[in-house]
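Notes follow the structure.
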Amino acid sequence: MIPNNNLSVLPWYGSLAEQNARRWWVYGRTYPLFTPAGFLPPFQLIRNHEISYTQGEQLSAEDYDDGVLTPEGHWDYISHQFGIHSYESLSGVDAVYFANIPETAPLMVTAVALNDNNDVLGTFTAQFDDNGLFSGGWVLPTGTTKLWVQDYNADYPDAAPAVYAATTQTATIQSFALYTREGELVGNYDPSEMGFSVVPFQNLGYDVIVFPGGLPVFTSIAEGQYYGVMSDGINTWYSEVFTVVADISPYLKIEWWDTENFIMDAGAIVYKNPAFKNVLYLQAEIAKPEYTFEEEGEMRDGYFFPTKQISEKHYRFAFFASEYLLDVMRLIRMADYVEITNSGQKYSVDTFLITPEWEENGDVASVQAEFDTATVAKKIGLGYIKSLRGDFNDDYNNDFNN
């Protein structure tokens, strides 16, 4: 995802420091992103394509010897401190899972994949934890029939390394927690019961995490400001702060969506499988409309004869918004469908436009929004009034009335 280019009503970040209110020029002011009590705002999050591994049967080593694996895939006998196992019974194994693999020799690799001719197909270098051990998976290169794994280091005699066959799937959301704006834990929630989906775009190298937000997911949540923390077991993200209100009816509601997924250079917005609608609540009222009039015609003998007349009504409302919200609202005009609900009235929107003007403090903009719906009145001029078109003797005057 392109930095500082938000595509979701509820943005997510890699750290708390990226939240809007924590930027130095905002001075702690939190923009109220409203949501009904019990609900989490619908959102989407783009991440690099990630897969998770499920351990299968443990693989049996065919051979063992002292040595290390070089980045070129060679097997060098340089020390009795390190050891290598060879695995050759890999029929039907497309991925492996390493458990408790100790640190390799400096500047060396953890595993090497080969074919029957001992051609090196790929190498794998682990990222070790603070204890000098690694557990994780590797998708084997196509054509792999042999695997060398540097799995012994005399400095870690209790490592108990093992290699397993593994199956893979797109990594799902593993945990979700809710915090108050001040950082107090409200509760941990089961992502499998919240309605998350992960849509892979493997050819583009990323996945889209989708939360439709159509059903309530929280209970006993008081009015106030909160943020979420979620993880897929590989990455952890922190949401923007949102404001829970018990009565959402006074707020203006905007919904927008497309019939197909919206693919762009910056990423993707998923609208199909699962179905998704963007939903935004604003503290605003539709008021002070603008009326425009357009006509075409011609002058004849000092009189204007209209040939086409169009009258339009442009609806307007004003609100304040932070940059992250303006990022996503700029896409409303491009949506296939837009609906606005205000004071019990629903509008099916044809065009939508926002015009922001930044306040002096710079953390919010004063925004003028305008939209059009089916209020266009059009009349094609006939040049005469049908009820008065009679004539007695075709001399084009009103003698037929006499």
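The values are calculated or read from the model by the stated rules, or taken from the named source; none is laboratory data. If you're wondering where the values come from, they're calculated on a predicted model, not measured in any experiment. Cβ placement follows ideal geometry from the backbone for every residue including glycine, while neighbour counts extend to all protein chains displayed.
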Just name the residue that is nearest to the chain's Cα centre (by Cα) out of those in the range 212-229 that are surrounded by 14 or more Cβ atoms within 10 Å (Cβ to Cβ) and hydrophobic (A, V, I, L, M, F, W, C). V229
Which one of these is within 26 Å of the chain's Cα centre (by Cα) and in a strand (DSSP E or B): T172, T168? T168
Run down S322, S311 and say which single residue is in contact (Cβ under 8 Å) with a residue 40 or more places away in the chain, touching a Leu at 6+ places or on another chain (Cβ under 9 Å) and assigned by TED's automatic domain parsing to the domain that holds W358. S322
Return the residues of the range 331-351 that are in contact with a Lys or Arg (Cβ under 8 Å, 6 or more places away or on another chain), touching a residue at least 24 places away in the same chain (Cβ under 8 Å) and under 24 Å from I269 (Cα atoms); say none if nothing qualifies. E339, I340, T341
Any idea which of (1) part of a helix (DSSP H, G or I); (2) at pLDDT 95 or above is the one W25 doesn't satisfy? (2)
Within the range 353-381, take every residue that is of a type in the set (A, V, I, L, M, F, W, C) and either over 30 Å from R23 (Cα atoms) or part of a loop (DSSP other than H, G, I, E, B) (or both) and give me the one that is modelled with the lowest pLDDT. V376
Counted residues, the range 1-57 - those being under 30 Å from A162 (Cα atoms), surrounded by 15 or more Cβ atoms within 10 Å (Cβ to Cβ), in contact with a Phe, Trp or Tyr (Cβ under 8 Å, 6 or more places away or on another chain) and among the acidic types (D, E): 0
Take the residues of the range 248-286 that are in a loop (DSSP other than H, G, I, E, B), aliphatic (A, V, I, L, M) and under 14 Å from the mean Cα position of the chain (by Cα): which is farthest from N6 (Cα to Cα)? A275
Can T307 be described as surrounded by fewer than 13 Cβ atoms within 10 Å (Cβ to Cβ) and over 27 Å from D258 (Cβ atoms)? no
Give the residue that is nearest to D65 (Cα to Cα), with candidates limited to residues of the range 152-211 that are aliphatic (A, V, I, L, M) and exposed (fewer than 14 other Cβ atoms within 10 Å of the Cβ). A154
Any residue that is touching a residue at least 12 places away in the same chain (Cβ under 8 Å), under 30 Å from A246 (Cβ atoms) and polar (S, T, N, Q) - is there at least one of those in the range 78-92? no
Check T168, T219 and return the single one that is among the polar types (S, T, N, Q), touching a strand residue (DSSP E or B) at 6+ places or on another chain (Cβ under 9 Å), touching a residue at least 24 places away in the same chain (Cβ under 8 Å) and over 23 Å from N6 (Cβ atoms). T168
If you go through A99, A105, the only one that is among the hydrophobic types (A, V, I, L, M, F, W, C), in contact (Cβ under 8 Å) with a residue 24 or more places away in the chain and part of a loop (DSSP other than H, G, I, E, B) is A105
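Per-residue answers, yes or no, for (1) at pLDDT 95 or above; (2) touching a strand residue (DSSP E or B) at 6+ places or on another chain (Cβ under 6 Å):
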| residue | (1), (2) |
| --- | --- |
| Y303 | no, no |
| P306 | no, yes |
| Q309 | no, yes |
| R316 | yes, yes |
| L326 | yes, yes |
| I332 | yes, yes |
| A335 | yes, yes |
| V338 | yes, yes |
Just wondering, is there one or more residues in the range 302-312 that are among the small types (G, A, S) and in a strand (DSSP E or B)? yes
How many residues does the range 28-77 hold that are touching a Lys or Arg at 6+ places or on another chain (Cβ under 9 Å) and either in contact (Cβ under 8 Å) with a residue 40 or more places away in the chain or not in a loop (DSSP other than H, G, I, E, B) (or both)? 2
Inside the range 233-247, can you point out the residues that are assigned to a loop (DSSP other than H, G, I, E, B) and touching a helix residue (DSSP H, G or I) at 6+ places or on another chain (Cβ under 7 Å)? E240, V241
Determine whether E296 is assigned to a strand (DSSP E or B), without any contact (Cβ under 8 Å) to a residue 40 or more places away in the chain, exposed (fewer than 12 other Cβ atoms within 10 Å of the Cβ) and more than 26 Å from the chain's Cα centre (by Cα). yes
